[in-house]
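Rule-based calculations on the coordinates, nothing more; no lab input. Worth saying up front: this structure is predicted, and the values here are computed from it rather than measured. Ideal geometry is used to build each Cβ from the backbone, glycine not excepted, and the neighbour counts take in all protein chains shown.
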Amino acid sequence: MKEVVLNHPLITHKLSILRDKRTGTKEFRELVGEIAVLLCYEALKDAKLEDTTINTPLEEYKTKCINEDNYAFVPILRAGMSMIDGVLPVVPNAKIGHIGLYRNEETLEPVEYYYKMPKNIKNREVLVLDPMLATGGSAIATINRLKQDGVKKIKFLCVIAAPEGLNALKKAHKDVQIYCASVDRQLNDIGYILPGLGDAGDRVYGTK
């Protein structure tokens, strides 16, 4: 699948502020959430509707609704948590799972240190959240783990992606649709996205 890149003036505007090194922690966190709303909106364009009947103040009315219980959000700790405040109001009753990964400094491979998913995760559509898709290692490891649990429909949402990470993720998981706000130029020699926005986790939580 080809990635879906949100090409919209509002996205461009918000990304410009997000990238600016002068942007403070509070505003940075809020902007990630705002972009996450738009990514989630796009990712759920194919959401299935179920027939239902409601009563308006005037009459009975047959309409359609999404079964929110069919969805789960899985942020990759820790930076992925910054997107939860944006996506959760879109599907308030979606379940939330968590996965924690760190990079082995010798092998450069992701190592899982935490994994907790909602019950019946295999029966839900899962939206994996991470602001940055750099090398693609964490995204691939997360999706590998979800598929081991039997999850069939997975989408990946990020704010910024590097071409290297996109190619790696698409090669590893051809069935996973990727949604991003921008595809940047490249990775530098230590795996940071250029022009990028720095370390998303550090900027969200003010740890540097």
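When 119, 155 are screened for being part of a loop (DSSP other than H, G, I, E, B) and either under 17 Å from the mean Cα position of the chain (by Cα) or not aromatic (Phe, Trp, Tyr) (or both), only 119 passes.
Of all residues in region 184-191, none satisfies being more than 30 Å from residue 24 (Cα to Cα) and touching a residue at least 12 places away in the same chain (Cβ under 8 Å). In summary, residue 105 fulfils each of the numbered conditions (1) farther than 25 Å from residue 45 by Cβ; (2) out of contact with any helix residue (DSSP H, G or I) (no Cβ under 9 Å at 6 or more places or on another chain); (3) surrounded by 14 or more Cβ atoms within 10 Å (Cβ to Cβ) with the single exception of condition (3). Can you say whether residue 142 is hydroxyl-bearing (Ser, Thr, Tyr), part of a loop (DSSP other than H, G, I, E, B), under 22 Å from residue 204 (Cβ atoms) and touching a residue at least 12 places away in the same chain (Cβ under 8 Å), as far as the supplied structure shows? So residue 142 does not fit the description; no.
Selection of region 156-181 for residues being of a type in the set (Gly, Ala, Ser) and buried (at least 20 other Cβ atoms within 10 Å of the Cβ) yields 161, 162, 165, 181. Against the test of being buried (at least 17 other Cβ atoms within 10 Å of the Cβ) and among the hydrophobic types (A, V, I, L, M, F, W, C), the options 10, 49, 6 yield a single qualifying residue, 6. Scanning region 86-97 for residues that are surrounded by 11 or more Cβ atoms within 10 Å (Cβ to Cβ), in a helix (DSSP H, G or I), of a type outside the set (A, V, I, L, M, F, W, C) and in contact with a helix residue (DSSP H, G or I) (Cβ under 9 Å, 6 or more places away or on another chain) turns up at least one hit. Summed over region 192-208, the residues that are part of a strand (DSSP E or B) and free of Cβ contacts under 8 Å to residues at least 60 places away in the same chain give a count of 1. Residues of region 174-208 that are among the polar types (S, T, N, Q) and either more than 17 Å from the chain's Cα centre (by Cα) or farther than 28 Å from residue 147 by Cα (or both): 186, 188, 207. Going by the conditions given, is residue 85 without any contact (Cβ under 8 Å) to a residue 12 or more places away in the chain, closer than 26 Å to residue 9 by Cβ and not β-branched (Val, Ile, Thr)? Taking the combined requirement at face value, the residue does not satisfy it.
Does residue 22 satisfy being touching a residue at least 24 places away in the same chain (Cβ under 8 Å) and not β-branched (Val, Ile, Thr)? Criteria not met by residue 22. Of the residues making up region 122-139, those that are in a loop (DSSP other than H, G, I, E, B), under 24 Å from residue 41 (Cβ atoms) and either over 15 Å from the mean Cα position of the chain (by Cα) or polar (S, T, N, Q) (or both) number 1.
Tell me, please, whether a residue that is in contact with a Phe, Trp or Tyr (Cβ under 6 Å, 6 or more places away or on another chain) and at negative phi can be found in region 4-12. There is at least one residue in region 4-12 that is in contact with a Phe, Trp or Tyr (Cβ under 6 Å, 6 or more places away or on another chain) and at negative phi.
Of the residues making up region 13-46, those that are of a type in the set (Gly, Ala, Ser) and loosely packed, with under 12 Cβ neighbours inside 10 Å number 2.
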